[in-house]
Amino acid sequence: MSNHRGILGQKLSISKLQTDSFNLSVKISKLSNIQNTKLTKLYDTKRYIDPSMFSFGSEYEDMIPNGTPPFLDSGEKYVERITRALSYFKQCALIGPSGTGKTHIVYLVSELCRLPLWEINCGLQTSVFDLFGRYIGLGKENWIDGLITNWCRHGGILYLDEANMMKQDIATKLNPILDARGHMVLTEKDNEMIHRHRHAYLIISMNPFSAEFAGTKPINAAMRRRMSVWLNFDYMSSGKNVDKKEIQLVTDKAGIHWEIAEKIVEVGAKLREEYKTGDLPYGPSIGDLVNWGMLIADGASIEDSSNETIVSMTSDDLEVQDEVKSVIQKVFRYKSDERNGI
Ligand SMILES: Nc1ncnc2c1ncn2[C@@H]1O[C@H](COP(=O)(O)OP(=O)(O)O)[C@@H](O)[C@H]1O
Ligand SMILES: [Mg+2]
């Protein structure tokens, strides 16, 4: 051993030790926790999960979301409460209608805590093999871990969206992992036992209003018992309550005047109320309202832009579409008469 080049290109001189025979082992761990400082200033999650205390290695770096926008709330501190639940209990449940930011906030927590995100939509027909693993080809040589197995082994956040739609065979295999025992047994793979990684966290989410439409069932009792913390999400604006923060967000993201954004959010709030009472099959998210606004910013009329976006998005049933159109007409006609030309 003589001269070596260090990682920064400098020469490392170890000439004094040249006569000795020894093994030099150097471990270089890249400081991968390049944090979005703007985000970390907004949320106090570090006191619960401090990303400088662990590292998942570069192969999982791509699974950590990047550039997630802030989550707007009215001081409820949802981001911190989720992180607290994960640090104390390893798992929590988010309940709320579609479009209330559940997926958004999971991405945000994942980014803030620098945890790889493993995401499953339980409403899709994902098989137990995809999630737990399988042999590929003939013979027993080539086992491939499924998504849940990977999460259990390597850690991160497992996000089970629409958890109440989960098929029973998957729930049955998942439940033992969520216990204090915290391990899984791959019966298919000679009963290999995998202990739950110390940074393997779970978030499940559910939409309480999807039941009537999608024929979903309540979440299975075994899983319910294993969730210590339940957080309720709701739209920022709903019914008569129109939130100024939501108007501001639509104004900024769509690039339209406040007055138009205000009406868009007003329409959204009414449609969401009808969704909650079961009169409409869908309530628009902030994202849907922003999309509508973007078309208006591009010069489309209120009618055309809404037909192309939230009217069609709510349903393809013409009667339901008429109901949505009438809400839009009421909100816009009433105010647009005062301010010509909107
Ligand atoms: N409180 C919020 N702050 C910022 N964006 C939000 C909020 N709630 C919803 N959104 C936006 O609305 C859209 C739908 O949110 P999403 O997370 O997909 O809802 P969910 O998973 O509850 O159905 C996304 O574009 C999301 O960024
Ligand atoms: Mg979602």
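Derivation of every value follows stated rules applied to the coordinates shown; laboratory data play no part. Since this is a predicted model, take the numbers as computed values, not measurements. Quick reminder, even Gly has a Cβ in these numbers, built from the backbone with ideal geometry, and neighbours come from all protein chains shown.
Restricting the GluC sites (Glu not before Pro) of region 65-135 to loop positions (DSSP other than H, G, I, E, B) with no more than 14 neighbouring Cβ atoms within 10 Å leaves 76. Multiplying the residue separation of residue 277 and residue 193 by 0.36 nm and subtracting their alpha-carbon distance yields 25.6 nm.
If you take the beta carbon distance between residue 124 and residue 326 as r and set R0 to 35 Å, what does 1/(1 + (r/R0)^6) give as a FRET efficiency, to the nearest 0.05? The formula returns an efficiency of 0.55 here.
Here the spin labels are modelled as points 7 Å beyond Cα on the Cα-Cβ line, and at residue 72 and residue 252 they lie 0.8 nm apart. Each label point was placed 7 Å from the Cα along the Cα-to-Cβ direction; for residue 42 and residue 62 their separation is 2.7 nm.
So what's the net charge close to residue 66: Lys and Arg +1, Asp and Glu -1, counting the other residues with Cβ under 12 Å from its Cβ? Net local charge, residue 66 excluded: -2.
Taking Lys and Arg as +1 and Asp and Glu as -1, the other residues whose beta-carbon sits under 14 Å from that of residue 126 total -2.
Based on the reciprocal of the average 1/r between different C-alpha atoms, the Kirkwood radius for region 37-232 equals 17.4 Å.
Backbone phi angles across region 195-202, fed through the Karplus curve with coefficients 6.51, -1.76 and 1.60 (θ = phi - 60°), yield HN-Hα couplings of 7, 5, 3, 5, 10, 9, 10, 10 Hz in residue order; Gly and Pro are listed as x. Local charge sum around residue 323 (other residues, Cβ-Cβ under 15 Å, Lys/Arg +1, Asp/Glu -1)? Combined, the nearby Lys, Arg, Asp and Glu give -2. Straight Cα distances below 18 angstrom link residue 77 to the aspartates and glutamates 44, 50, 111, 234, 243, 246, with same-chain residues fewer than 8 positions distant left out. The loop-placed trypsin sites (Lys or Arg not before Pro) in region 71-145, going by DSSP, that have at most 15 neighbouring Cβ atoms within 10 Å of their Cβ come out as 77, 140. Could you list which residues have their amide H under 5 Å from that of residue 117, counting only those 5 or more apart in sequence or on another chain, with H placed in the peptide plane? Amide H neighbours of residue 117, under 5 Å, 5+ apart: 64, 157.
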